[in-house]
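First the structure, in the form of structure tokens, and then the observations on it.
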């Protein structure tokens, strides 16, 4: 009889120890993940929302304004006239004018700093675009609620978080393998 004895290297005990150590480290403070994959996933979703004009939900521009905008800003789509709002929400680099990003141990905050827009443009226009104006002449063209409900974003977060965990476990296991 021939017999082949196989053992795991690292052992199952070592593997379990590595996974539990990483689990504790990661779940105690998710902020490193938010600064990487979480931030990137949010920026990509914002880009998708702008590119699809709110997944096709945004009201079209008025005829008069559409003509004016086409003449002065050819090729610029809804909410992309000067791109300050777009850049603040969609660039992966942080500290872009108007971007708001806070990585906390248990959550990430992503959005726009209305005070920056107030200082630069003397008007916090992202809020008006999100909710519309009181006169009803500017319709709401929301971005944040679309992102919060986005299956694309949820899938991207899940995928990037899985990779983040796998990389952490792989790094921890390398200590056993030498």
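Read-outs throughout are calculated quantities, based only on the coordinates presented, and are distinct from any laboratory measurement. As the structure is a computational prediction, the values presented were derived from the model and not from experiment. A quick note on method: Cβ atoms are made from the backbone with ideal geometry, for glycine too, and the neighbour counts reach across all protein chains shown.
Calculate the tail of P(r) for the range 73-119: the fraction of all Cα-Cα distances greater than 16 Å, expressed in %.
44
Could you work out the percent of alpha carbon pairs in the range 82-178 separated by over 21 Å, rounded to a whole number? All intermediate terms of the calculation are to be shown ahead of the outcome.
On the way: 2306 of 4656 pairs.
Every Cα pair in the range 82-178 considered, those over 21 Å come to 50 percent.
Cα convex hull of the chain: how many Å³ per residue?
Looking at the chain, the number lands at 173 Å³ per residue.
By how many degrees, between 0 and 90 and to the nearest 10, does the Cα long axis of helix 63-72 differ from the longest principal axis of the chain?
70
Distance in nm between label sites at residue 149 and residue 133, each 7 Å beyond Cα in the beta-carbon direction?
2.6
How high is the FRET efficiency from residue 52 to residue 109, r the C-beta distance, R0 25 Å, rounded to 0.05?
For R0 = 25 Å, the calculated efficiency reads 0.55.
For the range 1-101, just list the percent of Cα-Cα distances falling in each 5 Å bin from zero outward, please.
Here the calculated profile for the range 1-101 is 2, 10, 13, 13, 11, 9, 7, 6, 6, 5, 5, 4, 3, 3, 1, 1, 0, 0.
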